[in-house]
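Below is one structure; the comments refer to it alone.
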Amino acid sequence: MRLFLILLFVLFGTTTHTANAQIEGQGLAPQQLLEVSPEFPRPGEFVTVTLNDYRSGTFGSTITWLYDGQVVEGAENSRSVTVTAGTVNTETKIEAVLYTPSGEREVLSTTFRPVYLDVVIEAQTRVPEFYLGRALPSVGSVVNATVLINDGSSQTDLVYTWQINGQVIEGGPIRGRNQISFVTPRRDSSILSVVAAEPNGTILAQRSILLPSVLPSINFHEVNSLFGLRYKPITDELIMIGSTVTIQAVPYHLDIRVYNNPDIAQWEINNSLSQNQGSNPYQITFKPTGVAKSAKLGFQVRDTTLVLQGASDNIQVRF
């Protein structure tokens with residue numbers, strides 16, 4: 001019996017020593033017990049480190065947090081601490097020092113290195129030059145995405161894995177592919193994700209962004225023979241002053257391919273197809289006919305293959 005107890009004590013002591021060695025180093029235990037959020041922070045970003053230690057042996061321990069070896073004031077006995085990530089190519093070390101009720105001292109540590117990663121989104125849809133916003137994706141339109149990354153090194157041949165709504169784009173990771181093009185899915189919004197890794201598989205950073213998807217729309221603008229297109233759109237009706245008026249239909253967030261080569265681009269006057277169209281399908285010169293004092297002027301542009309790539313609207317013209 002005495003021999004059995006001695007062997008049990010030796011085995012128990014050896015197991016405890018091994019666990020402490022993993023905690024102090026960079027083994028599996030630090031990632032399980034200390035959770036970093038966000039996992040891949042940007043330089044200067046707030047980072048929250050949470051202690052997920054629910055072992056019976058550390059129950060009731062006092063907790064002291066260290067930030068690069070310095071005690072974090074006001075964080076004693078907190079289960080989490082929020083710090084500021086350093087600059088690019090600087091490593092930050094966070095330690096949670098536990099003093100158990102039995103008097104033992106245990107140190108949990110984790111490190112993170114800030115990486116700047118941003119994703120530039122360029123929706124290949126059309127908006128007018130005077131529009132102060134940005135072009136947004138619409139269902140079926142093409143989107144170009146580019147990754148900008150800086151980890152403080154001169155690496156240029158990284159491996160990128162792109163996903164849209166959880167589906168990998170182009171079948172898997174692509175070396176050196178920091179740019180991607182894809183078609184906007186048929187939904188109100190989509191999640192675009194990218195993971196940047198070194199050729200050996202070490203992940204440097206990852207980002208996920210929410211992409212809205214809007215419906216194309218039409219605004220009508222009066223065209224002045226001297227001053228050109230008026231930036232202020234016609235809301236519901238236009239009151240004519242002269243004998244004729246030139247009106248331009250301006251699409252917003254319509255796929256550029258459809259805008260440049262529409263299958264359907266036509267004007268209607270009182271629900272009848274107008275024959276008064278010139279070389280610019282988006283512009284019409286309207287001249288009243290008959291005894292009526294008003295007319296409904298409508299326009300539609302559409303692609304016959306991409307069902308949702310199209311828009312239509314109308315205004316009332318009074319004369």
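Every number in this text was worked out from the coordinates using simple rules, so none of it is lab data. Not measured: the values here are computed from a predicted model. Every residue, glycine as well, gets a Cβ built from its backbone with ideal geometry; the counts of neighbours run over all protein chains shown.
Within the straight-line cut-off of under 19 Å between alpha carbons, the aspartates and glutamates reachable from Lys296 are Glu222, Asp236, Glu237, Glu268, Asp313, sequence neighbours fewer than 8 places apart in one chain being disregarded.
Between Thr156 and Glu35, what FRET efficiency follows from the Cβ-Cβ distance if R0 is 35 Å, with the result rounded to 0.05?
Details: r = 32 Å, r/R0 = 0.91.
About 0.65, to the nearest 0.05.
Per residue, the chain reaches -3000 deg cm²/dmol at 222 nm when only DSSP H runs of four or more residues are counted, each adding -39500 (n - 2.57). Working note: Karplus 6.51/-1.76/1.60 with θ = phi - 60° gives segment 45-59 the couplings 7, 6, 10, 9, 10, 10, 8, 10, 10, 10, 6, 5, x, 9, 4 Hz, where Gly and Pro are set to x. The modelled label-to-label distance for the pair Ser102/Gln316, using points 7 Å beyond Cα in the direction of Cβ, is 8.6 nm.
When +1 charges are put on Lys and Arg Cβ atoms and -1 charges on Asp and Glu Cβ atoms, the dipole computed for the chain relative to its Cα centre reaches about 1020 debye.
What is the ratio of the Cα radius of gyration of segment 43-102 to 2.2 N^0.38 Å, where N is its residue count, to two decimals? Don't skip to the end; give the middle numbers.
Values: Rg = 12.7 Å, N = 60, 2.2 N^0.38 = 10.4 Å.
Compared with the compact-globule rule of thumb, segment 43-102 sits at 1.22.
Using a 10 Å cut-off around each Cβ, can you sort Ile284, Ile180 from fewest to most neighbouring Cβ atoms? Let's see the in-between values first.
On the way: Ile284 24, Ile180 19.
Result, fewest neighbours first: Ile180, Ile284.
The label point for Thr84 and the one for Ile121, both projected 7 Å from the Cα toward the Cβ, are 2.9 nm apart.
Rounded to the nearest whole Hz, the Karplus-based 3J(HN,Hα) values (6.51 cos²θ - 1.76 cosθ + 1.60, θ = phi - 60°) of segment 126-143 follow the sequence 9, 9, x, 4, 7, 5, 7, x, 10, 5, 10, x, 10, 3, x, 7, 8, 10, with x at glycine and proline. Mind telling me which of Gln163, Gln266, Gln32 comes out most flexible in a GNM of the chain, alpha-carbon contacts under 10 Å? Maximum among the listed residues: Gln32. About its Cα centre, how strong a charge dipole does segment 137-230 have in debye, to the nearest 20, once Lys and Arg get +1 and Asp and Glu get -1 at the Cβ? So the magnitude is around 200 debye. For segment 185-248 versus segment 119-153, the inter-centroid distance based on Cα atoms is 10 Å. Kirkwood-type hydrodynamic radius, segment 182-302: 17.9 Å, calculated from all non-identical alpha-carbon pairs.
DSSP beta bridges fully contained in the chain are about 95 percent antiparallel.
What is the percent of Cα-Cα separations in segment 116-212 that go past 23 Å? Write out the running numbers ahead of the final one.
Working: 1307 of 4656 pairs.
Tail of P(r) above 23 Å: 28 percent of Cα pairs.
So if the hydrodynamic radius of the chain is defined as the Kirkwood radius over C-alpha pairs, what does Stokes-Einstein give as its diffusion coefficient at 37 °C and 0.692 mPa s, in µm² per second?
On the way: Rh = 25.2 Å.
So the translational diffusion coefficient is about 130 µm²/s.
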